[in-house]
Amino acid sequence: MTNAYLKNKSWTPKIVGEFLKEIGSNENCHTNEEKCKIIKETAKELLKRGGNGNISSAENLLIYATQHYFEGTEPQVKADIYYTLGELYENHKENFVRAYTYYEKYTLNNKNNSGTHSLMLKALILRDDFTYSDELEKEFRMSLAEADLGSKNERIYENIGRYIILEHEGNEEECKKVIKRLWGIIKTDELILPDLIIKKNLNDRVTVPQKVVEFIKVQNAECKAQG
């Protein structure tokens, strides 16, 4: 069923409506959990394709699932939908307030995956435009106890969190060290898209909103100017 609809390269509201009607009436989709899983995988494929029509269609599918298919559904299935919505708003719409909201819902329902404090640290940094809060410091401290996968993205947000806290404490020397570390992570990466920095090495690519890169550039320039 899904493959037939995915033959459409670019989705429209009409296709979304037909797809949801098919899911609702399809005898093979017995439970809300099955419907959520189909919607999640379909939405992820649409986001992978990109384009305004596909992104909007993915958004509509995922929100429809939260409104109609969450009754009696296991928390982890809900978490997967919320996480995909968080990714959509972070990476495709740059609506960081909504991204935070859905990542928070993800953490409340997540039962299987670790790294929730690192995720919320990132969400707070993006939502609050690099400003300090007690909540940010709490998530930073908690994230240090999580398994460190060492990816460039994780290191960027961890070090930005550290920088924000050090700046709040007035520790200028340590701030400079952290910014130097951050600059070292991104300086060799190649700007390919207007809103993303992507490393050619697909095993460890850096994908952060452009405002993160600009923040690091500005802080690095100020550090150099201060000597």
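Determine if the stretch 121-141 includes at least one residue that is within 11 Å of the chain's Cα centre (by Cα) and either open to solvent by 30 Å² or more (accessible area, probe 1.4 Å) or in contact (Cβ under 8 Å) with a residue 40 or more places away in the chain (or both). Quick ask: steps written out before the conclusion?
Here is the first cut: in the stretch 121-141, the ones within 11 Å of the chain's Cα centre (by Cα) are 122-123, 126.
Then keep just the ones that are either open to solvent by 30 Å² or more (accessible area, probe 1.4 Å) or in contact (Cβ under 8 Å) with a residue 40 or more places away in the chain (or both); that gives 122, 126.
Yes, some residue in the stretch 121-141 is within 11 Å of the chain's Cα centre (by Cα) and either open to solvent by 30 Å² or more (accessible area, probe 1.4 Å) or in contact (Cβ under 8 Å) with a residue 40 or more places away in the chain (or both).
Step by step: first the residues of the stretch 72-86, then only those that are at pLDDT 95 or above and surrounded by fewer than 18 Cβ atoms within 10 Å (Cβ to Cβ), then the one that is farthest from SER114 (Cα to Cα). Which residue is that?
GLU74
Residue check, THR107 against (1) more than 16 Å from the chain's Cα centre (by Cα); (2) closer than 25 Å to LEU62 by Cβ; (3) among the β-branched types (Val, Ile, Thr), all met but one. Which one?
(1)
So, in the stretch 46-59, of the ones that are surrounded by fewer than 19 Cβ atoms within 10 Å (Cβ to Cβ) and among the polar types (S, T, N, Q), which residue ends up farthest from THR73 (Cα to Cα)?
ASN52
Please work out which one of (1) modelled with pLDDT under 95; (2) in a loop (DSSP other than H, G, I, E, B); (3) under 25 Å from GLY86 (Cα atoms) is the condition TYR132 fails and give its number.
TYR132 satisfies all of (1) modelled with pLDDT under 95; (2) in a loop (DSSP other than H, G, I, E, B); (3) under 25 Å from GLY86 (Cα atoms) except (1).
Say we look at the stretch 101-120 and pick out the residues that are under 19 Å from VAL208 (Cα atoms) and of a type in the set (Ser, Thr, Tyr); which of these is surrounded by the fewest Cβ atoms within 10 Å (Cβ to Cβ)?
My answer is THR101.
Can you tell me which residues in the stretch 110-127 are part of a helix (DSSP H, G or I) and of a type outside the set (A, V, I, L, M)?
Let us first name the residues in the stretch 110-127 that are part of a helix (DSSP H, G or I), namely 116-127.
Hits for the stretch 110-127 are THR116, HIS117, SER118, LYS122, ARG127.
Looking at this structure, is ILE63 under 21 Å from LYS93 (Cα atoms), of a type in the set (A, V, I, L, M), without any contact (Cβ under 8 Å) to a residue 40 or more places away in the chain and open to solvent by less than 60 Å² (accessible area, probe 1.4 Å)?
Details: under 21 Å from LYS93 (Cα atoms): yes; of a type in the set (A, V, I, L, M): yes; without any contact (Cβ under 8 Å) to a residue 40 or more places away in the chain: yes; open to solvent by less than 60 Å² (accessible area, probe 1.4 Å): yes.
So ILE63 passes the test.
If you check ALA43 against the conditions, is it within 19 Å of PRO13 (Cβ to Cβ), touching a residue at least 24 places away in the same chain (Cβ under 8 Å) and open to solvent by less than 20 Å² (accessible area, probe 1.4 Å)? Spell out how you get there, then give the answer.
Details: within 19 Å of PRO13 (Cβ to Cβ): yes; touching a residue at least 24 places away in the same chain (Cβ under 8 Å): yes; open to solvent by less than 20 Å² (accessible area, probe 1.4 Å): yes.
Here the answer is yes, as ALA43 does meet what is asked.
Would you check if GLU18 is of a type outside the set (Gly, Ala, Ser) and either out of contact with any helix residue (DSSP H, G or I) (no Cβ under 7 Å at 6 or more places or on another chain) or over 16 Å from TYR69 (Cβ atoms) (or both)?
Details: of a type outside the set (Gly, Ala, Ser): yes; either out of contact with any helix residue (DSSP H, G or I) (no Cβ under 7 Å at 6 or more places or on another chain) or over 16 Å from TYR69 (Cβ atoms) (or both): yes.
Yes; evaluated as a whole, the condition is true for this residue.
Name the pairs whose Cβ atoms lie under 9 Å apart, with the first residue in the stretch 162-178 and touching a residue at least 40 places away in the same chain (Cβ under 8 Å), the second open to solvent by less than 60 Å² (accessible area, probe 1.4 Å) and not in a helix (DSSP H, G or I), and 6 or more positions between them or separate chains?
Within 9 Å, the pairs are TYR163/PHE130.
Regarding the stretch 148-162, can at least one residue be identified that is among the basic types (Lys, Arg), assigned to a helix (DSSP H, G or I), open to solvent by 50 Å² or more (accessible area, probe 1.4 Å) and closer than 27 Å to LYS40 by Cα? Spell out how you get there, then give the answer.
Here is the first cut: in the stretch 148-162, the ones among the basic types (Lys, Arg) are 152, 155, 162.
From what is left, the residues that are assigned to a helix (DSSP H, G or I) are 152, 155, 162.
From what's left, open to solvent by 50 Å² or more (accessible area, probe 1.4 Å): 155, 162.
The next check asks that each one be closer than 27 Å to LYS40 by Cα; those that pass are none.
For the stretch 148-162, residues among the basic types (Lys, Arg), assigned to a helix (DSSP H, G or I), open to solvent by 50 Å² or more (accessible area, probe 1.4 Å) and closer than 27 Å to LYS40 by Cα: absent.
Answer yes if at least one residue in the stretch 19-32 is modelled with pLDDT of 95 or more and either charged (D, E, K, R) or open to solvent by 60 Å² or more (accessible area, probe 1.4 Å) (or both), and no otherwise.
Checked against the condition, which is being modelled with pLDDT of 95 or more and either charged (D, E, K, R) or open to solvent by 60 Å² or more (accessible area, probe 1.4 Å) (or both), the stretch 19-32 yields no hits at all.
In the stretch 172-227, which residue that is touching a strand residue (DSSP E or B) at 6+ places or on another chain (Cβ under 9 Å), at pLDDT below 75 and not in a loop (DSSP other than H, G, I, E, B) is least open to solvent (accessible area, probe 1.4 Å)?
That would be ILE197.
The values are calculated or read from the model by the stated rules, or taken from the named source; none is laboratory data. As the structure is a computational prediction, the values presented were derived from the model and not from experiment. For neighbour counting, all protein chains shown are included, and Cβ atoms are generated from backbone atoms with ideal geometry for every residue, glycine included. These area figures cover heavy atoms from the full protein model, side chains too; ligands, DNA and RNA do not enter into them. Shrake-Rupley method; radii C 1.70, N 1.55, O 1.52, S 1.80 Å.
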